[in-house]
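Everything on this sheet refers to the single structure shown next.
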Amino acid sequence: MNNIDFQERLLAWYDNNKREMPWRDCGDPYKIWISEIMLQQTRVDQATPYFHRFMERFPTVESLAKADQQEVLKVWEGLGYYSRARHLHDASKLVAEEFDGTVPDNWDDITELKGVGPYTASAILSIAYQKQHAVVDGNVIRVLSRYLGIENDVRKTATKNAIQEAADERIPEERPGDFNQAVMELGATICTPSNPDCEGCPLQAGCVAYKKVKTEEIPYKSPAKKRPHHQIGVGIIMNEDEEVLIALRPEDAMLGGMWEFPGGKQEEDEDMEETVARELNEELGVEVAITKPFMKLDHAYSHFKITMHAYLCELENGTPSPNTSQEVRWISIDELEDYPFPKANRKLTKKLMNIDKGQQELEI
DNA sequence: CACTCGTGGGA
DNA sequence: TTCCCAAGAGT
């Protein structure tokens with residue numbers, strides 16, 4: 001199958017089978033930019049409700065640029081990879097100030113935006129501005145590795161580079177944005193990781209993996225490393241005014257800009273109560289008494305897993321003063337919902353808020 | 001180049 | 001339960 005057939009079959013299939021998406025075929029570079037950032041390592045169904053809330057709160061580049069980072073992170077809460085939100089916010093300021101509020105339409109300018117790498121630059125330029133840049137994402141890697149019969153490890157950068165070249169050779173001058181979206185749509189709905197629907201695929205006639213019956217072997221991916229599992233102890237410190245102490249995670253750390261209950265990793269031969277007392281002493285310079293266990297939960301981050309043990313605590317001695325420049329704050333239970341918390345900590349705040357409303361008794 | 005960085009759904 | 005992995009970028 002030559003490039004013309006490849007393009008025509010793919011685009012015809014796309015025209016008849018593409019899913020509706022709130023940012024699709026809108027022609028608005030701002031909406032396309034936001035959607036592409038949200039869609040990084042994120043499924044359409046997961047990003048869609050966030051996209052609606054984001055556009056409602058930040059309908060323009062200027063409104064986003066003027067917003068507080070905390071407000072942006074609050075809208076992003078639960079979507080994960082929070083550096084995307086911080087970088088997007090920073091980039092919006094650059095667009096507002098240096099690009100007159102218009103998303104750049106060329107490679108050199110758009111790649112100056114934080115959070116815009118090769119994929120996102122190509123996606124925005126092709127979809128919003130009809131520029132001939134081929135995207136390579138997980139879908140394209142799967143579709144093209146199967147179609148071309150590439151059996152090399154797709155985790156390797158060299159393999160991805162080869163697929164980028166293959167995509168560059170096939171991106172048409174006409175409808176480059178639709179072509180890119182078509183490959184990704186095919187990968188998401190037909191050429192799926194397991195049990196691909198080869199009978200419904202417009203590219204079956206030229207597909208090497210199909211011909212060799214190797215769709216389960218291609219793409220080859222070297223085994224992932226096992227994620228370590230840590231035990232984490234955190235303290236929910238209450239004061240006489242029914243306030244709770246929360247801490248802001250540093251900008252350059254994991255979950256940067258998000259709030260949490262202070263705590264840390266359990267060390268060897270250490271009781272979990274000891275862990276919490278030690279961590280709060282090291283981080284905040286205070287002595288606490290463990291009142292009672294509050295909640296235990298499992299959570300998986302991108303590259304490690306935790307069991308979080310939360311304890312209600314009372315301040316025995318000292319005033320919380322972080323040894324780093326990390327900010328801490330006493331807030332009422334009602335205010336917890338106004339702050340951006342990552343998933344595991346949000347589970348704790350929900351239980352606190354439920355108890356506070358008297359809807360649930362404390363389980364020990 | 002290899003590693004870090006969230007979350008949710010499906011096998 | 002456990003693992004995979006999904007419209008990647010920054011370091």
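The values are calculated or read from the model by the stated rules, or taken from the named source; none is laboratory data. Nothing here was measured: the structure is a model prediction, and the numbers come from that model. When we count neighbours, we look across all protein chains shown, and the Cβ atoms used for this are built from the backbone with ideal geometry, even at glycine. Heavy atoms of the whole protein, side chains included, go into the accessibility calculation; ligands, DNA and RNA do not. Shrake-Rupley method; radii C 1.70, N 1.55, O 1.52, S 1.80 Å.
Give me the percent of the accessible area of segment A:62-145 that comes from carbon and sulfur atoms, probe 1.4 Å, all protein chains in place. Write down the numbers at each step before the final one.
Details: 1530 of 3370 Å².
Here carbon and sulfur together make up 45 percent of the probe-accessible area.
Rounded to the nearest 0.05, what FRET efficiency do residue A:28 and residue A:148 give with R0 = 35 Å and r taken as the Cβ-Cβ distance? Could you check?
Details: r = 34 Å, r/R0 = 0.98.
That pair, residue A:28 with residue A:148, gives E of 0.55.
On full extension of the chain, what length is gained from residue A:94 through residue A:204, given 0.36 nm per residue of separation minus the C-alpha to C-alpha distance?
Values: separation 110, 0.36 × 110 = 39.60 nm, distance 4.45 nm.
Computed gain between residue A:94 and residue A:204 is 35.1 nm.
Take residue A:43 and residue A:327, extend 7 Å from each Cα along the Cα→Cβ direction, and tell me the distance between the two endpoints in nm.
So the two model labels end up 3.6 nm from each other.
Could you pull out every residue, at least 5 positions away or on a different chain, whose amide H is within less than 5 Å of the one on residue A:305? Hs are placed 1.01 Å off N in the peptide plane, and Pro or chain starts have none.
For residue A:305, whose amide H was placed from the backbone, the distant partners under 5 Å are A:229, A:230.
Accessible area of segment A:188-345 with a 1.4 Å probe: how many percent of it is carbon plus sulfur?
On the way: 3950 of 8510 Å².
The C+S portion of the solvent-accessible surface of segment A:188-345 is 46 percent.
For labels at residue A:230 and residue A:319 in the simple 7 Å Cα→Cβ model, what's the distance in nm?
3.1
Can you list the HN-Hα couplings for segment A:241-255, worked out from phi with the Karplus curve (6.51, -1.76, 1.60; θ = phi - 60°), rounded to whole Hz and with x for Gly and Pro?
8, 6, 9, 10, 8, 10, 10, 8, 6, x, 4, 8, 8, 4, 6
Of the candidates A:194, A:122, A:35, which one comes out as most mobile in a Gaussian network treatment of chain A with C-alpha springs shorter than 10 Å?
A:194
Given a cut-off of under 8 Å on Cα pairs at least six residues apart, what relative contact order in percent is computed for chain A?
15
If I take R0 = 56 Å and measure r between the Cβ atoms of residue A:130 and residue A:291 in this structure, what FRET efficiency does the formula 1/(1 + (r/R0)^6) give, to the nearest 0.05? Kindly include the intermediate steps, with their values, before the conclusion.
On the way: r = 62 Å, r/R0 = 1.11.
The computed FRET efficiency comes out at 0.35.
As an exercise, identify the chymotrypsin sites (Phe, Trp or Tyr not before Pro) in segment A:144-235 lying in DSSP coil whose Cβ has no more than 15 other Cβ atoms within 10 Å. Show your work: numbers first, answer last.
On the way: sites: A:147, A:179, A:210, A:220; in loops: A:220.
Hits after loop and neighbour filter: A:220.
So how far apart, in nm, are the two label points at residue A:156 and residue A:302 if each is 7 Å from Cα heading toward Cβ?
About 2.4 nm, to one decimal.
Given R₀ = 30 Å, FRET efficiency for residue A:189-residue A:56 by Cβ-Cβ distance, to 0.05?
Efficiency, from the Cβ-Cβ distance: 0.60.
Considering only DSSP beta bridges with both partners in chain A, what is the antiparallel share in %, to the nearest 5?
Values: 23 of 33 bridges.
For chain A, the DSSP antiparallel bridge percentage is about 70.
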